[in-house]
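Written below as structure tokens is the structure these notes are about.
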Amino acid sequence: MPERPLNNPGRVLIAGENHIVRLQSAASGADAALFNHFRLRLSPHGPGHAVFVLADPNAADPRNACYTDNPALANWLLDWYLRGSPLYRNLKGLGNLPIVTAGGFTSVDELPRRWSEIVKAGDVTVRAVWDDLATPFHVERLAQPGEQDAMDVFSVLMSASGASLDINGRRIPGAVFPRQVGTQPISSAFLAFAESWVESA
């Protein structure tokens, strides 16, 4: 097997954090809620936060919004990543999603067992909590031949066995569900630290 070069020659697209809570309805298994939080130091549009909150991913719910302190970054992530991702592109809640300028982004670090993210924008407060976190592990996913918008992805993941999402103190119903990254079982709620996306050279 040929030795991989020490330096990845691709252009770095993002570097930072990307924490996700994805909930499903216990009855139907349909997507019940999505919280996708980017805290980036590097991107094509500079640093910033972009937090995608879909209280109902399957409808144009008035609670659905993206909260950001960098609208150019938020629009780029929405158009290029979320609407292009096989996981998210068919979600009706992403259509005409409002981009809301916000100034309050706070994390509550209770590692190694718990983590919280709080977003405040005007009279709206969104809180996501990851509970009972597992031991962190490293993920390295290299772009596949012929893949559209191919990129290499590197992350340190911590999976949560439980998670919650609330808007203005009202909890969004839904439950985490099992997933797998390579051979590693995780849940649909996880923290991604040291997240890097590198354009495939």
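The values are calculated or read from the model by the stated rules, or taken from the named source; none is laboratory data. This structure is a prediction, so every number in the text was calculated from the model and none was measured. In this analysis, Cβ positions are derived from the backbone assuming ideal geometry, glycine residues included, and neighbour counts consider all displayed protein chains.
Filtering the stretch 43-86 to residues that are assigned to a loop (DSSP other than H, G, I, E, B) and among the charged types (D, E, K, R) leaves ASP56, ASP61, ARG63, ASP69.
Restricting the stretch 1-42 to residues that are of a type in the set (S, T, N, Q) and assigned to a loop (DSSP other than H, G, I, E, B), the residue that is nearest to the chain's Cα centre (by Cα) is SER25. Only a single criterion out of (1) within 24 Å of ILE167 (Cα to Cα); (2) at pLDDT below 95 is not satisfied by ASN7, namely (1). With respect to (1) modelled with pLDDT under 95; (2) closer than 21 Å to GLY84 by Cβ, the lone exception for TRP197 is condition (1). For the stretch 142-157, the candidate set comprises residues that are without any contact (Cβ under 8 Å) to a residue 40 or more places away in the chain and either part of a strand (DSSP E or B) or in contact with a His (Cβ under 7 Å, 6 or more places away or on another chain) (or both); within that set, the residue that is surrounded by the fewest Cβ atoms within 10 Å (Cβ to Cβ) is VAL156. Figure legend. Inter-residue proximity from the stretch 87-99: first residues closer than 14 Å to PHE35 by Cβ and part of a helix (DSSP H, G or I), second residues of a type in the set (Ser, Thr, Tyr) and at pLDDT below 95, beta-carbon distance below 9 Å, spacing 6+ or different chains. Indicated pairs: LEU94/TYR88.
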